[in-house]
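Values quoted throughout were computed directly from the atomic coordinates according to the rules given, and no laboratory measurement underlies them. What you see is a predicted model, and the numbers here were worked out from it, not measured in a lab. Every residue, glycine among them, receives a Cβ derived from its backbone with ideal geometry; neighbour counts consider all protein chains shown.
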Amino acid sequence: MSERDSNTGDAHDVTPDAPCAGTVRVDDSGGGIVGNEFAEVGVAVDHSGNGPRLRLEDYRTGRVRNLDALELETIIWLPEERLTQLLDPSTTRWREEPDR
Amino acid sequence: MTTTVPDSARATSRPDYAALIEPSRVHGSLYTDPRVFADELERIWYRSWVFVGHESEVPESGDYVRKSIGPQDIIMTRGRDGDVHLVFNRCAHRGNLVCEDARGNANAFRCPYHGWTYRNTGELLGYPYNKGYGGKGNLDLSLGRVPRVDSYRGFVFASLAEDGPTLAEHLGAAAGEIDRLARLSPEGRIDLGAGWLQHRTRANWKLLAENETDGYHPQFVHSSIFSVTGSPIGPLYSDNSTAVTRDLGNGHSENDLRPEFRRQGEPMRWFGTSESRVPNYVARMREVYGDAADDILTEGAPHVMIFPNLFIAEIQVFVIQPLSVDECVQHSTAVQLGGAEELNSRMVSQSIGSVGPAGMLLADDTEMYERNQRGLEMRQPEWLDVRRGMHREALDEDGYRTGAATDETGIRGFWSHYRRLMEVDT
């Protein structure tokens, strides 16, 4: 739908109808990119298996995770504080201990 | 040997504002002295209520826009709690800018320098490799939060002082002008989400604030746009006009054009059009406001300068952002009114025509601001004259000082409030 707009404060920057900054592109299969200045993730419903699953791709690293319906439902029901904990970089990616 | 600066010397190192601001003239150094600008930051921009943005710019949870309070970079966010928050754009770790984009949607921000993450309300969520800090949750840090945030009809204001007058006290009579604008919406709702233009201007911010309700210049500075467009605005600012300039107190002022529009008695003339060109809007307004609609549609939108940085110019809003003693940015956007689609597209086109990159109105004014700044660097004469119309001012029925359409009543109101703020010791 729209590329990220580069409204970074230059003089004479005209944005009368500009959508929110960030990236939302939707392809034919209903997938797309959910992006902002902090992260950019490709989103697609993958039908290659026996049932559909959500394919998420971190475009900055290429890392992919597939989520099935129950996992997605779980995320929806995740208490706010649990989600907040996951946003602590030391909880997930940037920590001294290797993944178990 | 130890030397100390005596208190008396320290006191005299500040400009003497009482000596620089007189009722009928102001000193040129107020526009050119960097010490004055430094004082203004502390006494006005970082203390008084300053307009930051409009709630309609962050309609959804997670929305954010980069805003400013003078040179300060401020992020205005809509939290999960539904409230609007203002935080400083500065990481608590090493001071990097946390947000780069002018706007976006993010419930959490991640500093690009070392990856610290924050809730969009300012709370620190975490930092990479936490052993270096003895584990998680060990730092009592957050993004800086603006001490006082309040809004009026969606207009969000900030004060960097913990105490002081309330927003309602600061706005005073100017709140009624915002009401007038909202009343032009059949839903009573103002939207400032059309996008902002930014014009960097090499002039002191006060030249802009004074000019916004100076009814003396339009016939000269804007004569070309008036003649090209056949605009009826010019005669509103002449000696024959019944319009008035009003000092609304607290540094706010307006050009009240209602007497002229009432005399003409034609709904929508304030907008340079007629009822037949915007039939759906007019019908909706009559449906909502009944008998009052005719007055509302005839009197039109306000032309008000709200101290120190919000200028509502009928169909567009300007925000003045000072950067240094001789530089500022003018931010401008088209007013959009809830439920007034027919009017809204016209307001965008009119705004582009007047303040867009090829627009004429703002370019005219900016040329004057920059010439003015250069002129002020000349050594003689030292003063600027602001006496126009002093002899014919009167108090109106509400007790506000009112002058003729081309009088400098608003400018004098600005200086009187400015002097009060600048003389306060911090």
Task: Dipole axis of the stretch B:1-126 (+1 Lys, Arg; -1 Asp, Glu on Cβ), positive-most option in B:19, B:75, B:116 - done: B:116
Open item on the list: Quick check of the Kirkwood formula: for the protein assembly as shown, what is the inverse mean of 1/r over all pairs of different Cα atoms, in Å?
Closed with: 25.7 Å
Open item on the list: As an exercise, identify the GluC sites (Glu not before Pro) in the stretch B:179-231 lying in DSSP coil whose Cβ has no more than 15 other Cβ atoms within 10 Å.
Closed with: B:187
Task: Candidate lysines for bridging to residue B:206, where Cα separation is under 27 Å - those fewer than 8 sequence places away on the same chain excluded - done: B:67
- [ ] Return an integer: the convex hull volume of the alpha-carbon atoms of the stretch B:349-426, in Å³ per residue.
- [x] 198 Å³
Task: Listed residues B:193, B:389, B:272, most fluctuating in chain B (Gaussian network, C-alpha, under 10 Å) - done: B:272
TODO: Going by C-beta contacts inside 10 Å, put B:131, B:67, B:136 in order with the fewest on the left.
DONE: B:131, B:136, B:67
TODO: Please arrange B:63, B:294 by counting, for each residue, the other beta carbons lying within 10 Å of its beta carbon, fewest first.
DONE: B:294, B:63
Task: Hz values of 3J(HN,Hα) by residue in the stretch A:80-96 - Karplus curve (6.51, -1.76, 1.60), Gly and Pro given as x - done: 3, 5, 5, 5, 4, 4, 5, 7, 6, x, 6, 6, 10, 7, 9, 9, 6
- [ ] Give me a single rounded figure for A:89-97: the average over its residues of other chain Cβ atoms within 10 Å of their Cβ.
- [x] 6
Task: Cα radius of gyration and Dmax for the stretch A:51-100 (Å) - done: 12.9, 37
Task: More than 26 angstrom apart: percent of Cα pairs within chain B - done: 59 percent
TODO: Could you grab the relative contact order for chain B? Cα pairs under 8 Å, six or more apart, rounded to a whole percent.
DONE: 21 percent
Open item on the list: Give me the inter-chain shielding for B:192-202: mean count of other chain Cβ atoms within 10 Å, whole number please.
Closed with: 4
Open item on the list: If the only charges are +1 at each Lys and Arg Cβ and -1 at each Asp and Glu Cβ, what is the size of the charge dipole of chain B around the Cα centre, to the nearest 20 debye?
Closed with: 1220 debye
- [ ] Would you work out the relative contact order for the stretch B:320-407, in percent, from Cα pairs under 8 angstrom that are 6 or more residues apart?
- [x] 12 percent
- [ ] In debye, nearest 20, what is the charge dipole magnitude of the protein assembly as shown about its Cα centre with +1 on Lys and Arg Cβ and -1 on Asp and Glu Cβ, if you could check?
- [x] 980 debye
- [ ] Taking the Cα centre of the stretch B:50-152 as origin, sum charge times position over the Cβ atoms of Lys and Arg (+1) and Asp and Glu (-1), and report the length of that vector in debye to the nearest 20.
- [x] 440 debye
Open item on the list: Helix-only mean residue ellipticity at 222 nm, chain B, DSSP H runs n ≥ 4 weighted -39,500 (n - 2.57), per residue, nearest 500. What is it?
Closed with: -8000 deg cm²/dmol
Open item on the list: Taking the number of other C-beta atoms within 10 Å as the exposure measure, put B:414, B:226 in order starting with the fewest.
Closed with: B:226, B:414
Task: Average beta-carbon neighbours from other chains, 10 Å sphere, peptide B:103-112 - done: 6
